[in-house]
Amino acid sequence: MTMDATSQRFLMCRPTYFAVDYAINPWMDPTAPVDADLAIRQWERLRQIYRDLGHTVEEITPVPGLPDMVFAANGGTVIDGKAMAVQFRDPQRADEAPAYRAWFESAGFEMYDPKHVNEGEGDVLLVGDHLLAGTGFRTAHASHAQLQEVFGYPVITMQLVDPRFYHLDTALTVLDERTVAYLPEAFSPGSQAVLRRLFPDAVHATMADAEVLGLNAVSDGRHVVLPAQATGLAAKLRDRGYETIGVDLSELRKAGGGPKCCTLRLRQGKASK
Ligand code: ARG
């Protein structure tokens, strides 16, 4: 089986000021040591992997005092040339929102402002012609209606139930326009039923894979970049015909983030999608 890779444009933020100074998810322990230099080297490796795959990586200038700004997926939702800015649940991350907003504006995206808590593509995943939108920990359910209004894709609410998998992109990976991988037990029974209905052929991940943030993966439709420690999931993906590329982001994981969190896909208008 051969699968087509589509070349992508990503936004990333160098973890220059990365640290774990506060705890807003169960992965974060401000008393545990973090190797800041190693975090930068691991992030640079991720960026190199994308470049080697032929993707374009844009960078936003990191801001001192915003240690989680490296998690660009939370900077916005960008589809068809429209960018919806974010509103963070936690005050520690609030100042990231205007920094990302300014970047989208200067890059020429049509801007929309959030009316409710919305943590961008951490909780919003485009699969084909549908948006899956997470809620339960961060993004407010009320923001799902606004996402549908702004982008004009049907929005399907996904109820997250395990605090370790607080953003949708820690519990579910989009593999291509029709297929996803996910951890069933990270979702409410109703959301699990919806996922079975929409994606009967989905890859089911195990807790062991999810616990190393294996589902925080980036796929171009053919290559899947995922945490190197998620070996079981990688094997299942290879069985399905994907090429897997493991990356070690051990330091960023101490903040609860993996490769997908560090990566925001910039989707232009339909013509150049
Ligand atoms: N420490 C960050 C937070 O808790 C991690 C964000 C991870 N981002 C993501 N897209 N899952 O907000």
Scanning the stretch 71-93 residue by residue, those under 21 Å from V20 (Cα atoms) and buried (at least 24 other Cβ atoms within 10 Å of the Cβ) turn out to be F71, A72, A73, N74, G75
Check the stretch 247-268 and report whether any residue there is part of a loop (DSSP other than H, G, I, E, B) and modelled with pLDDT under 95.
yes
Does S250 count as within 16 Å of the ligand (Cβ to nearest atom), of a type in the set (S, T, N, Q) and farther than 21 Å from P15 by Cα?
no
Breaking point among (1) in contact (Cβ under 8 Å) with a residue 12 or more places away in the chain; (2) surrounded by fewer than 18 Cβ atoms within 10 Å (Cβ to Cβ), for Q8:
(2)
Cβ-Cβ under 9 Å, sequence separation 6+ or interchain: first residue in the stretch 51-75 and more than 19 Å from F109 (Cβ to Cβ) and assigned to a loop (DSSP other than H, G, I, E, B), partner open to solvent by less than 20 Å² (accessible area, probe 1.4 Å) and among the polar types (S, T, N, Q). Which pairs?
L53/Q8; G54/Q8
Residue among V63, V86 that alone is over 19 Å from F137 (Cα atoms) and touching a Phe, Trp or Tyr at 6+ places or on another chain (Cβ under 9 Å):
V63
Taking the stretch 68-101, which residues are within 11 Å of the ligand (Cβ to nearest atom) and out of contact with any Pro (no Cβ under 8 Å at 6 or more places or on another chain)?
D68, F71, A72, A73, N74, G75, F88, R89, D90, Q92, R93, E96
With the condition being more than 12 Å from the ligand (Cβ to nearest atom) and more than 25 Å from M69 (Cα to Cα), I'd like the strands (runs of 3 or more DSSP E) fully within the stretch 120-217 carrying at least 3 qualifying residues.
155-159, 180-182
Show the residue pairs that are 6+ apart or on different chains and have beta-carbon atoms under 9 Å apart, the first residue being within the stretch 247-259 and under 14 Å from F165 (Cα atoms) and open to solvent by 10 Å² or more (accessible area, probe 1.4 Å), the second being within 10 Å of the ligand (Cβ to nearest atom) and polar (S, T, N, Q).
R253/N216
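The values are calculated or read from the model by the stated rules, or taken from the named source; none is laboratory data. Because the structure is a prediction, the values reported are computed rather than measured. Counting neighbours? That spans all protein chains shown, and the Cβs are built from the backbone with ideal geometry, glycine included. Keep in mind that these areas ignore ligands, DNA and RNA; they rest on the heavy atoms of the full protein, side chains included. Shrake-Rupley method; radii C 1.70, N 1.55, O 1.52, S 1.80 Å.
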